[in-house]
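Structure, as structure tokens:
The values are calculated or read from the model by the stated rules, or taken from the named source; none is laboratory data. If you're wondering where the values come from, they're calculated on a predicted model, not measured in any experiment. In this analysis, Cβ positions are derived from the backbone assuming ideal geometry, glycine residues included, and neighbour counts consider all displayed protein chains. Accessible surface is based on the protein model in full, side chains and every heavy atom, while ligands, DNA and RNA are left aside. Shrake-Rupley method; radii C 1.70, N 1.55, O 1.52, S 1.80 Å.
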Amino acid sequence: MLTKTDLSQITKIVKSESQSLENKLNKKFDKMDKRFDKLERKLDYAINFLDRDYLKLLDRVEAIEEHLHLKPASI
């Protein structure tokens, strides 16, 4: 049968282990957050680049359609 001191020692051990695991998880999540931030910046750059190219191409197509007196193909 466990005594009160045994239970308190078990409680201390469990608390210290859970604190240790919590610290490890926090470190991992911090690293993941940094990686996600970096990935998000790269995606924003790529999307802006592609969007800018699309808009330039759209302007050119509209100018060609207007010059040839064609109905706009875009919606």
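The mean accessible area for residues of the chain, using a 1.4 Å probe and ignoring ligands and nucleic acids, is 103 Å² per residue.
Around PHE36, under 12 Å between beta carbons, what's the net of Lys plus Arg minus Asp minus Glu among the other residues? Intermediate results must be reported in sequence, preceding the final value.
Numbers: positive: LYS31, LYS34, ARG35, LYS38, ARG41, LYS42; negative: ASP30, ASP33, ASP37, GLU40.
Net of charged neighbours comes to +2.
Rounded to the nearest 20, the size of the Cβ-charge dipole of the chain about its Cα centre is 700 debye, with Lys and Arg at +1 and Asp and Glu at -1.
Consider the candidate values (i) 3, 10, 11, 11, 10, 14, 15, 13, 9, 3, 0; (ii) 3, 17, 28, 28, 18, 6, 0; (iii) 3, 12, 9, 9, 7, 6, 7, 6, 6, 5, 5, 5, 4, 4, 3, 3, 2, 2, 1; state which one is P(r) over Cα pairs in 5 Å bins from 0, in percent computed from the structure displayed. Matching the structure shown: (iii).
Only protein atoms count toward the accessible area here, which uses a 1.4 Å probe; on the chain, the carbon and sulfur part of that area reaches 62 percent.
Near TYR54, once Lys and Arg are set to +1 and Asp and Glu to -1 for all other residues with Cβ below 15 Å from its Cβ, the sum equals -1.
The calculated FRET efficiency for the pair LYS12 and LYS34, based on their C-beta separation and a Förster distance of 30 Å, comes to about 0.35. Bridgeable lysines around LYS34 (alpha carbons under 19 Å apart, same-chain partners fewer than 8 residues away excluded): LYS24, LYS42.
Local charge sum around ASN23 (other residues, Cβ-Cβ under 14 Å, Lys/Arg +1, Asp/Glu -1)? Please report the intermediate quantities before stating the final value.
Numbers: positive: LYS15, LYS24, LYS27, LYS28, LYS31; negative: GLU17, GLU22, ASP30.
Overall, the nearby charge balance is +2.
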